[in-house]
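Here, each number is a calculation from the coordinates, and none is a lab measurement. This is a predicted model, so every value here is computed, not measured. Virtual Cβ from ideal backbone geometry, glycine too; neighbours counted across all protein chains shown.
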Amino acid sequence: MNTSNPTTPIKILMEDPILHTDSTPFCRDMTCPCHNDEELKRDLISRIERGEIDGAEALNIYWAQ
């Protein structure tokens, strides 16, 4: 007899750190698709153009440092 409720959500614990967030859109894994994402790169360049960050900060974001 199956007594489980199919609408009850299952909790899955995250063991790995979150790699991509709004503040850290790039990760350290150079094989990750984030490093080929043209939109993310344009956003980073736009932040430089708006004066929000300088080139060194942009490189640190891109290389996830």
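Here are the numbers for the structure shown:
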| quantity | calculated |
| --- | --- |
| Test: residue in the stretch 3-13 that is among the aliphatic types (A, V, I, L, M) and surrounded by 14 or more Cβ atoms within 10 Å (Cβ to Cβ) | no |
| Odd one out for residue 39 among (1) assigned to a helix (DSSP H, G or I); (2) surrounded by 11 or more Cβ atoms within 10 Å (Cβ to Cβ); (3) free of Cβ contacts under 8 Å to residues at least 24 places away in the same chain | (2) |
| Single match in 33, 25, 9 (criterion: touching a Cys at 6+ places or on another chain (Cβ under 9 Å) and not basic (Lys, Arg)) | 25 |
